[in-house]
Amino acid sequence: MDIRFDGKRALVTGAGKGIGRDIVRLLTECGAAVVAISRTQSDLDSLKAEYGCQTILADIGKAEAARQAAEDAGPIDLLVNNAGIALLGPFLEATVADWDETMAVNLRAAFIISQVVAKGMVARGKGGAIVNVSSQAGIAALQDHAAYCASKAAMDHLTRVMALELGPHQIRVNAVNPTVILTPMGEMVWGDPAKGDPMRAKIPLGRFGYPRHVSEAVAYLLSDKSDMITGITMPIDGGYLVG
Ligand code: NAP
């Protein structure tokens, strides 16, 4: 399947490392002009050097910074809300500060940036596509993941509401729900075999994913190959969610 985004402008949040960085790679290879948002300058410098993308330094956990970054990105046809953090611990010890930060980055930033980008799409009248990078944690409960799971479940439902309201403008909105993906975040959370091995054992395919497993699904959902698909939450989970 040949996916091309020539002439399209894409915005990717959390583009500095991991899944977001691989999405930048693939969208660039498919011909998109990519705008990358992240919060570490050295990551943005290397992204620019490798992929020639426009870069915006912003901590999108801050509401005004998220809005400004989306406005600075200019007209966007394809949006990937990928930035996310995982602040983990037992529910009984979880703090309000961690809850608020998780919601600000994982959920509120996607709301703010999507709103700015979708307003531009509506005004230009040519439609568009948005993919939210959620998680299997939005569907299945995971130990020590209270705020993270809640943020991703909310992102899944925000995806459905956006699909409902933006569909008439030919703006499609979908989510992907990966299992453990071997990125800096994936290694941080699951790298200890004492945690990782039992998780891997619950995945029917018996393995964790790589960033390309997510970026290839994202490219499909952004492309015209999926132009009848909106409002879905697509597991990329080796079957974790079947049982
Ligand atoms: P990662 O390796 O930690 O990379 C996340 C990237 O997002 C980093 O470049 C980070 O920048 C950036 N970022 C984080 N907070 C930001 C903020 N407030 N403003 C701007 N940029 C920010 O994470 P990942 O594993 O690639 O995860 C990407 C997405 O996939 C997340 O939404 C995550 O929840 C989801 N996901 C991951 C997995 C997994 O196992 N890896 C599984 C399911 C879903 P800094 O490094 O500078 O902080």
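Read the figures in this text as sums done on the coordinates, not as results from a lab. As the structure is a prediction and not an experimental result, all values here were calculated from the model. Glycine gets a Cβ as well: all are built from the backbone with ideal geometry, and neighbour counts include every protein chain shown.
Considering only DSSP states other than H, G, I, E and B, which chymotrypsin sites (Phe, Trp or Tyr not before Pro) in region 31-120 qualify as loop sites with at most 12 other Cβ atoms within 10 Å? The partial results should precede the final answer.
Values: sites: TYR51, PHE91, TRP99, PHE111; in loops: none.
Taking region 31-120 and a limit of 12 other Cβ atoms within 10 Å, no loop chymotrypsin sites (Phe, Trp or Tyr not before Pro) are found.
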Check: Given labels modelled 7 Å from the Cα in the Cβ direction, how far is it in nm from SER46 to GLN170?
Finding: 4.0 nm
Notebook entry, point to check: Residue farthest toward the positive end of the dipole of the chain, with Cβ of Lys/Arg at +1 and Asp/Glu at -1: which of MET185, CYS30, VAL80?
Noted result: CYS30
Margin query: Nothing charged except the Cβ atoms of Lys and Arg (+1) and of Asp and Glu (-1): what's the magnitude of the dipole of region 188-243 about its Cα centre? Round to the nearest 20 debye.
Written below: 200 debye
Margin query: Quick one: 3J(HN,Hα) in Hz for region 34-42, Karplus 6.51/-1.76/1.60 with θ = phi - 60°, rounded, Gly and Pro as x.
Written below: 9, 10, 10, 9, 7, 10, 10, 4, 5
Check: Can you list the lysines whose alpha carbon is less than 24 Å from that of LYS17, not counting same-chain residues fewer than 8 positions off?
Finding: LYS8, LYS48, LYS62, LYS152, LYS195
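Determine the dipole magnitude for region 9-236: charges of +1 sit on the beta-carbon of Lys and Arg, -1 on that of Asp and Glu, nothing else is charged, the reference point is the Cα centre, and the result goes in debye to the nearest 20. Please report the intermediate quantities before stating the final value.
On the way: 21 positive and 23 negative charges, 105 e Å.
Here the size comes out at about 500 debye.
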Margin query: Whole-Hz ³J(HN,Hα) for each residue in region 49-55, computed from phi via Karplus 6.51 cos²θ - 1.76 cosθ + 1.60 with θ = phi - 60°, x for glycine and proline: what do you get?
Written below: 5, 7, 10, x, 7, 6, 10
Notebook entry, point to check: What share of the DSSP beta bridges in the chain is antiparallel, in percent to the nearest 5?
Noted result: 0 percent
Next item on the list: Loop only per DSSP, at most 14 neighbouring Cβ atoms within 10 Å: give me the trypsin sites (Lys or Arg not before Pro) in region 1-110, ordered by residue number.
Entry: ARG4
Margin query: If each DSSP helix of 4+ residues adds -39,500 (n - 2.57) and the sum is divided by the residues in the chain, what number results at 222 nm, nearest 500 deg cm²/dmol?
Written below: -13500 deg cm²/dmol
Note to self: I'd like the Karplus ³J(HN,Hα) series for region 186-200: coefficients 6.51, -1.76, 1.60, θ = phi - 60°, whole numbers in Hz, and an x wherever there's a Gly or Pro.
What the structure shows: x, 5, 5, 7, 10, x, 6, x, 4, 9, x, 5, x, 5, 4
Next item on the list: For the chain, build the charge dipole from Cβ charges (+1 Lys, Arg; -1 Asp, Glu) around the Cα centre, then report which of ALA118, LEU107, ALA70 sits farthest towards its positive end.
Entry: ALA118
